[in-house]
Amino acid sequence: MDRDRRTETLLPLRPVEFQILLSLAGGERHGYGIIQDARERGEAAPDIGTLYRALARMLDQGVIESTDSRPGSDDERRNYYRITDAGLRVAKAEARRLDALTRAARLGGLLKKEAK
Amino acid sequence: MSSADGWFRLLLRFYPPDFRDEMGGGLLDAYHRQAEEAKKRGSMRVAAVWLAALKDSLWNGLGERIKPAVEWRRRGDWGRDMELVTRRLRQKPLFFTAVLGTLTVGLGTFAVVYTAVDKILLEPLPYRDPGGLYKVWVDVPRLNLHEGQLVAPDVYQLAKSGGPIQDAAFLNCGNAAIPANDNRDAFHINAMSASSNILDVLGARPAMGRAFRHDDGDINPAPIILSDAMWKRLGASPNVVGSPLRIGPDTHTVIGVMPPDFAFSCSISQRTDVYAALNLEHGQGNGSWLTVLRARPDASPEQVRQAVQAFGQNLAEREPDKHRGFALYAVGLLEDLVKSVRPALLALSFAAFFLLLVLTVNLASLLLARAAEREKEFAVSRALGASGPAIVHATLAEGTLLGFLGGVAGALAGIWGTRLLVALGPLDLPRRETIALDWKIALIVVVVGALLGLSAAAVPAVWSARISLSSLLSASATRGGARAGRMRRSLIAAQIALSLVLLSTGGLVVRSFERLVFTDPGFRSAGVLSLRLSTIVFTKEQDAASFLDRTTAALQAVPRRTIVSSGWWSAKGRACWRSVC
C-alpha cells in the first residue's frame, strides 16, 4: 500500500527521468552511456547538466543507485548507475500512464489508429 | 591539463560545491566524451560543443544554485545537516525515544507552568485599559481590619473627588434563585448588585441590549443584565432583551446580555450570573461595598494611591467619630486578584527555570556520550577534509532538531497538562477559566525547546570539532579518551547540583501551596459538610423557617451525622439561626 502510494507521488516523471530509467532497465550505465542510449533510440538526448541533476535527484529518491563496479580499466571518475526495484516499479507505472494517454489520444483522433 | 579539461573544470564552477563534489566527476567525463566525439568531425564541432557546454553549465549550474534538484539541499547547509541527523536518529530509535520522552515531560511541565504564570499573573484583564482599574480597601489597624469595605455614600464622594480619579463604582454579590417553571427545575444563581456606572468603570458593553443607565438604579425590581452563560442556560433566546425574569419573589426586566469573555465578580471562586443596578446616592442602606476605581488615562499608579490615601484622610478628618483610625488604600485590580497565588507562582516559575537548566545539562550529557561513540567517525571525517565548523554545524543541528521535536511534543503535552491543572486545581484559583495553552505559548515552548537543544549541543560540538586522527590515536594509546570522560563527569556534577536546587524549589512550592490550601479556618473543618439552600423564593418568613425545619429534620434522619445547624437571612435582613444537636 505504502509502496504504491510512494510510486504514485513520483509520477508523472520528467522526460529525462523516464529516459534514465529506460536506459538503466537494460543494465548498468554511466551518465554519458545514458545519453548515447537515448540517441540510439532516436530521442533527443538531454543536456549533460540536466541529466546529472536528474541523476542526483533520483539517487536521493532511491529509484536508482550508484554501483562500485566498473568494467576493466574504465575512467575512475566515471560513475555507473543501476535501477532499483522501486525504480523499476516507477518506470512501469509511468509506461502504463503514457500508454493510457496514447490510447486516449487515438480514441480522440489525435493519433492514427493502429493497423489491425 | 589540456585546454578542454581547463575549460570544463572552469564551467563546473557554476555549480554549487556540494553538487560538484557529488556529480562533478561524471559531468567532466561526459563533457570530455562529447568533445572527443566532436573532434572527429572537425574543430567547428569542437567549438560548438564548448559553447553548448557553456550554455548548459550556465543554465543548470545557476539553476542548481537557485533550486537544487535534491529537495533537502534547497534548505541550505542546515537542511543538509538536518537530513543527515534525521537519518542518524532513525538508526538509533532507543536513544531518540529516550531523549524525546525526557524533553516531552520537561518541556510539557514548563509549558504548564508558563501558561499558568502567563494567564494568571501577566495577561491583562479583559476590560478596557485594565491597568487603570483599582480596588479600594479600608485599613483599620486598631481593629486588625486590612481589607474593609466602604459605605455607598463614601464611594459616590470618591467618584467625584477628581484629580487622577475618573470614576468609582460599588458592588456586592449574593445568592439568589430562579424558581422552577414548566421547562426547568429551580436553580441557584450568583447575583451582583452594583452602582449603575459599573460597566462604564470597567469599560465593558453588553453584547445584546443596552448598558445600565443612571436611573435604572431607582427602578424596583431593578432591571438586570445577564452573563452569557446565564443567557445560554435560560435557552439563549434572541428575544431575551425586554423579557421578564423571575428571581426569588421579584420579577425583573432583562435589559442586556454580556459578551462571552466578560466576567466580573466579588470573589475569585464565583462567576456572576446576573448584574443588577442600584442607586444609593440618597443615602439609603448602611451596608458596606467593594469599591472599584477607574483612574484617568494619564494618571500614574502612585498618583492614584496618593489621591485615594488623601481622600481617606479627608474623610477621617471630616467625620472623626465614624472614621477613627481609618485609612484608604488602592491596589491594582489584577494585583488584588492574584495576590493569594503570586508567591507560589513565582516559586513555580523559578522551579521551571531550573528544570530547563537540568534538561539542558541532561541533553548535553547524552549528546556528549553519543558524540564520544562517534569519535572515530569524526576523526575520519576530519582526515578526509571535513572542516571543524562543518562538524560543529552538524552537531548543533542534531541538538536543535531534538530540542525542536521535544518542544513540539512538550507543547502538545502542555495542552493536556493545563486541562488537568484546571480540572484538579483549587476552585478559587484566580482566572481559572482563562488557563489554556494557546498558539503563542506553544510557539514559545517550541522556540525554548530548540534553543535548549542548541545550547545543549554546544559542549559536544566544541568537543567533536577538536577531534583529529592524531589526537584519537594518542588518546586511545595513552589516556583512553580522558577528555570526554572529564567533560561528562563535570556535566553530571552540574546536573546533580541543579537537580538539588530544583528539588528544594519544588519543596518550597509544595509548602507554599500547602499553606494556601490548609489555611486554619478557626474551627475543626474535618467532618463538616456545608449545604446551601435558597429561601429567597419564600415571601413570608414563616414559610422559609418551616422549609428549613423540614430540611433539618430530613438531615437529622441521615445516619452518622452528629449535629445539624442552619442559618439564613430573613426577608427583613435579620440573621436567623436554628441548631439541632
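Among the residues that make up the range A:65-73, is at least one of them in a helix (DSSP H, G or I) and within 13 Å of chain B (Cβ to nearest Cβ)?
No, the conditions are met nowhere in the range A:65-73.
Yes or no, residue by residue, for (1) of a type outside the set (S, T, N, Q); (2) in contact with an Asp or Glu (Cβ under 6 Å, 6 or more places away or on another chain); (3) modelled with pLDDT of 80 or more:
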{"position": "B:428", "(1), (2), (3)": "yes, no, no"}
{"position": "B:433", "(1), (2), (3)": "yes, no, no"}
{"position": "B:436", "(1), (2), (3)": "yes, no, yes"}
{"position": "B:459", "(1), (2), (3)": "yes, no, yes"}
{"position": "B:473", "(1), (2), (3)": "yes, no, no"}
{"position": "B:476", "(1), (2), (3)": "no, no, no"}
{"position": "B:500", "(1), (2), (3)": "yes, no, no"}
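Checking each residue in the range B:129-161 for being within 19 Å of residue B:214 (Cβ to Cβ) and without any contact (Cβ under 8 Å) to a residue 12 or more places away in the chain picks out only B:160. Of the residues making up the range A:44-63, just one is outside any helix (DSSP H, G or I) and β-branched (Val, Ile, Thr), namely A:63. Taken over the range B:253-289, residues that are under 27 Å from residue B:151 (Cβ atoms), of a type in the set (A, V, I, L, M, F, W, C) and modelled with pLDDT under 90 amount to 8.
Inspect the range B:73-85 for any residue being aromatic (Phe, Trp, Tyr) and within 14 Å of chain A (Cβ to nearest Cβ) and give the result as yes or no. Break it down stepwise before answering.
From the range B:73-85, those aromatic (Phe, Trp, Tyr) are B:78; that's our starting set.
Add one more test, that the residue is within 14 Å of chain A (Cβ to nearest Cβ), and what stays is none.
Within the range B:73-85, not a single residue is aromatic (Phe, Trp, Tyr) and within 14 Å of chain A (Cβ to nearest Cβ).
Just one of the listed residues (B:242, B:217) is over 18 Å from residue B:287 (Cα atoms) and not in a strand (DSSP E or B), namely B:242. Taking residues in the range B:80-91 that are farther than 13 Å from residue B:396 by Cα, and partners anywhere that are in a helix (DSSP H, G or I) and charged (D, E, K, R), the pairs with Cβ atoms closer than 8 Å and at least 6 places apart or on different chains are B:88/B:398; B:89/B:398.
Among residues belonging to the range A:37-53 that are closer than 21 Å to residue B:70 by Cα and more than 7 Å from chain B (Cβ to nearest Cβ), point out the one that is surrounded by the most Cβ atoms within 10 Å (Cβ to Cβ). Among those that are closer than 21 Å to residue B:70 by Cα and more than 7 Å from chain B (Cβ to nearest Cβ), it is A:51. Whenever a residue of the range B:317-331 is under 16 Å from residue B:293 (Cα atoms), its partners that are in a loop (DSSP other than H, G, I, E, B), lying with C-beta atoms within less than 8 angstrom and at least six residues away or across chains, give the pairs B:331/B:339. Taking the range B:121-177 as the range and being small (Gly, Ala, Ser) and touching a His at 6+ places or on another chain (Cβ under 9 Å) as the test, the residues that pass are B:176, B:177. In summary, residue B:211 fulfils each of the numbered conditions (1) modelled with pLDDT of 85 or more; (2) over 30 Å from residue B:249 (Cα atoms); (3) part of a loop (DSSP other than H, G, I, E, B) with the single exception of condition (2). Within the range B:17-39, residues that are at the interface with chain A (Cβ under 10 Å from one of its Cβ atoms) and closer than 15 Å to residue B:57 by Cα have Cβ atoms under 6 Å from residues that are modelled with pLDDT under 85 and surrounded by fewer than 17 Cβ atoms within 10 Å (Cβ to Cβ) in these pairs: B:25/A:77; B:29/A:75; B:29/A:77, counting only partners at least 6 apart in sequence or on another chain.
Could we say that residue B:5 is in contact with a His (Cβ under 9 Å, 6 or more places away or on another chain), modelled with pLDDT under 90 and either within 11 Å of chain A (Cβ to nearest Cβ) or farther than 22 Å from residue B:68 by Cβ (or both) here? Yes.
Can you say whether residue B:307 is assigned to a strand (DSSP E or B), small (Gly, Ala, Ser) and either modelled with pLDDT of 90 or more or more than 17 Å from residue B:158 (Cβ to Cβ) (or both), as far as the supplied structure shows? Considered against the rule, which asks whether it is assigned to a strand (DSSP E or B), small (Gly, Ala, Ser) and either modelled with pLDDT of 90 or more or more than 17 Å from residue B:158 (Cβ to Cβ) (or both), residue B:307 comes out as no.
Of the residues making up the range A:23-36, those that are surrounded by fewer than 19 Cβ atoms within 10 Å (Cβ to Cβ), in a helix (DSSP H, G or I) and more than 10 Å from every other protein chain (Cβ to nearest Cβ) number 1. Would you mind stating whether residue B:155 is part of a helix (DSSP H, G or I) and touching a Phe, Trp or Tyr at 6+ places or on another chain (Cβ under 6 Å)? Taking the combined requirement at face value, the residue satisfies it. Of everything in the range B:168-209 that's under 23 Å from residue B:238 (Cα atoms) and charged (D, E, K, R), which residue is surrounded by the fewest Cβ atoms within 10 Å (Cβ to Cβ)? In this case the residue turns out to be B:182. A search for C-beta distances below 9 Å between a residue of the range B:55-69 that is facing chain A (nearest Cβ under 8 Å) and surrounded by fewer than 16 Cβ atoms within 10 Å (Cβ to Cβ) and any residue that is in a helix (DSSP H, G or I) and of a type in the set (Val, Ile, Thr), counting only pairs 6+ apart in sequence or on different chains, returns B:59/A:50.
The values are calculated or read from the model by the stated rules, or taken from the named source; none is laboratory data. Just so you know, these numbers come straight off a predicted model, no measurement behind them. For neighbour counting, all protein chains shown are included, and Cβ atoms are generated from backbone atoms with ideal geometry for every residue, glycine included.
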